[in-house]
Amino acid sequence: MTKFIFVTGGVVSSLGKGLASASIGCLLESRGLTVQLMKLDPYINVDPGTMSPFQHGEVFVTDDGAETDLDLGHYERFTSAKMSKANNWTSGRIYLSVIEKERQGVYLGKTVQVIPHITDEIKSVIRAVPKNNPCDVLIVEVGGTVGDIESLPFLEAIRQIGNEEGRQNAIFIHVTLVPYIAAAGELKTKPTQHSVKELREIGIAPDILLCRSDRPISLDLRRKIALFCNVEERAVISALDVQSIYEVPLFLHDQGLDSLILEKLGIKAQEADLKKWRELVSVIKEPTGGTVKIGIVGKYVELEDSYKSLREALIHAGVANNLRVQLEWIESESLMDEESESRLNEVDAILVPGGFGRRGIAGMIKAVRWSRKTKTPFLGICLGMQVACIEFARNVCNLQGADSTEFNQETPHPVIFKLRDLIGVENFGGTMRLGSYPCRLQEGSLAYEIYGCQEEISERHRHRYEFNPEYKPILEEKGMKFTGLSPDGKFVEIIELPKEVHPFFIGCQFHPEYKSKPLKPHPLFVAFVKAAFHNRIQSENLKEDVVSNRQIDTTEIIGGEV
Ligand code: GLN
């Protein structure tokens, strides 16, 4: 029988409920339990797929092709649970299915209402998760903040499940803020009190409070919160800001959170085994191998959340190499000025990540050209691969005006064009090539080597445009290699430059970052960070050589056209 943990948030948004839920999952797994996680989002969009990264942050893609909230990325990185369409529901998607049922006549005769029809639909999607994937505990995170009008149906649904299951089988954890007020020189508990009051008014009495604060919460203050919020004193857990997100489970464990949860749910479990997790955190905090600087040239770089999985994948790859990965976020539009080369020169490797629309493309092309010519390790992901093809077509194959039809419909050389499968599809929501697809690797290629000589791999996709195969022979003739293709040969999935020409130049149409985990770093990122470090050592040696006035053949450094 599955037990339930409902996680709600109060006071303000962005308190890290997703990380808290993922960390709870991680702790329960460390005690030998099986977990599943899901997120309920109170907005009307059917999924976040159509939202701008500025609105929503990254869209996380699951194996089955769902475009989901980025918290699902945390769930997969912190636990072994596999996310799918079933694990993220928005109000829009709930309403859509209720309205579809109404049209089919399912509710015939009845007036369809928020209560019970919407709340019943919410309850049924929650209960479907453990039904299809039996687990000891299901953690359900409710997005938004308690007190929002739009969260109400979700809160009512979880209240009802709590009531149906009973106190021993379903608990409520509320994540709140205890702000420090500088003028008073004090942490204030009132916002937490109000938010719990609000929750209690709708019939949910939290069992545990996770209090976010930027400094330790004294025992006295915890007592006060416990008294006014009607929770046990030991159930007031302080969730301090920590250096690395991977510390969160350890921090919560040290305060006894997992034992408390198990006690409340009446589950007997083994002691927590967090050895690997502790090792991971210690390498993240103090890697002994050195530092590498990776330049990420994209257009949503100012927003911390828009490349969440990418950021994490690079940190994981740093751990695998025992290196600190310093990320240099370079706004691609800023690369159009004179100083751009000096900025690119400062990094050990360049990554052009995914993205949409034409803004900033010229800067990305410049960055690709620079890494190709200076032999700086390059990784292009999705849009990054497409841009690498455009750059190569223009500057090496001399196909002037080569472009993607996403940026220029009239290009004389559409090296990237709309997915052939999408011709005639005008809707935007959920119509990209989404989710996991197999890819065949060419023996002997860099990709083949990176993936440990596997012939076939599977990676997650999210794109509307693809490489135009008509241009394959032309680019091939000038030295580009197409080393990863869909098994039917229809889609180009990986491009690279041969080792003799460039030490590490690779682009992939898929998003490897979605599958990287801290304890299972993705081979592409591991190899990329390794190549970056190699480049760093080489350039340091080179600088020393210059200082000692030795003769250096500059063509070796600059490289000609391929
Ligand atoms: N805009 C490109 C496409 O739709 C790339 C998408 C991406 O980088 N995720 O194909």
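The values are calculated or read from the model by the stated rules, or taken from the named source; none is laboratory data. Just so it is clear, the model here is predicted, and its values are computed rather than measured. Glycine also receives a Cβ, built like all others from the backbone with ideal geometry; neighbour counts cover every protein chain displayed. Just so you know, the surface numbers come from the protein's heavy atoms only, side chains and all, with ligands and any DNA or RNA stripped out. Shrake-Rupley method; radii C 1.70, N 1.55, O 1.52, S 1.80 Å.
Of all residues being in contact with a His (Cβ under 6 Å, 6 or more places away or on another chain) and either under 25 Å from Thr374 (Cβ atoms) or of a type in the set (Ser, Thr, Tyr) (or both) in segment 460-516, which is surrounded by the most Cβ atoms within 10 Å (Cβ to Cβ)? Just the residue, please. Among residues in segment 460-516 that are in contact with a His (Cβ under 6 Å, 6 or more places away or on another chain) and either under 25 Å from Thr374 (Cβ atoms) or of a type in the set (Ser, Thr, Tyr) (or both), the one surrounded by the most Cβ atoms within 10 Å (Cβ to Cβ) is Ser516.
Only strands (runs of 3 or more DSSP E) whose full extent lies in segment 418-510 are considered here, and the ones with at least 2 residues that are within 16 Å of the ligand (Cβ to nearest atom) are 433-441, 456-463, 465-467, 492-496, 505-508.
Of everything in segment 389-406 that is within 12 Å of the ligand (Cβ to nearest atom) and outside any strand (DSSP E or B), the residue that is most open to solvent (accessible area, probe 1.4 Å) is Glu406.
Okay, residues lined up against (1) out of contact with any helix residue (DSSP H, G or I) (no Cβ under 7 Å at 6 or more places or on another chain); (2) open to solvent by less than 20 Å² (accessible area, probe 1.4 Å); (3) under 25 Å from His534 (Cβ atoms):
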| residue | (1), (2), (3) |
| --- | --- |
| Ser371 | yes, yes, yes |
| Gly380 | no, yes, yes |
| Asn408 | yes, no, no |
| Phe417 | yes, no, no |
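Name the pairs whose Cβ atoms lie under 6 Å apart, with the first residue in segment 338-356 and touching a residue at least 40 places away in the same chain (Cβ under 8 Å) and under 22 Å from Pro512 (Cα atoms), the second open to solvent by 10 Å² or more (accessible area, probe 1.4 Å) and assigned to a strand (DSSP E or B), and 6 or more positions between them or separate chains? Hits for this filter: Val347/Lys293; Val347/Glu328; Asp348/Lys293. Taking residues in segment 385-400 that are among the β-branched types (Val, Ile, Thr), and partners anywhere that are buried (at least 20 other Cβ atoms within 10 Å of the Cβ) and in a helix (DSSP H, G or I), the pairs with Cβ atoms closer than 7 Å and at least 6 places apart or on different chains are Val387/Ile361; Val387/Met364; Val387/Ile365; Val387/Val368; Ile390/Ile365. If you filter segment 311-352 down to residues that are within 19 Å of Phe392 (Cα to Cα) and modelled with pLDDT of 95 or more, you find that the one that is nearest to the ligand (Cβ to nearest atom) is Val352.
Within segment 243-257, is there a residue that is more than 17 Å from Arg31 (Cα to Cα), at pLDDT below 95 and not in a helix (DSSP H, G or I)? Checked segment 243-257: at least one residue is more than 17 Å from Arg31 (Cα to Cα), at pLDDT below 95 and not in a helix (DSSP H, G or I). Here the condition is being on the phi > 0 side of the Ramachandran plot, open to solvent by less than 50 Å² (accessible area, probe 1.4 Å) and under 25 Å from the mean Cα position of the chain (by Cα); of Gly435, Gly452, it holds for Gly435 alone. For beta carbons closer than 9 Å, sequence separation of 6+ or different chains, a first residue in segment 268-282 that is without any contact (Cβ under 8 Å) to a residue 60 or more places away in the chain and open to solvent by less than 100 Å² (accessible area, probe 1.4 Å) and a second that is part of a helix (DSSP H, G or I) and of a type in the set (Ser, Thr, Tyr), the qualifying pairs are Val281/Tyr246. All of Val196, Val112, Val98 fail the test of being surrounded by 12 or more Cβ atoms within 10 Å (Cβ to Cβ) and either modelled with pLDDT under 95 or under 30 Å from Arg31 (Cβ atoms) (or both), apart from Val196.
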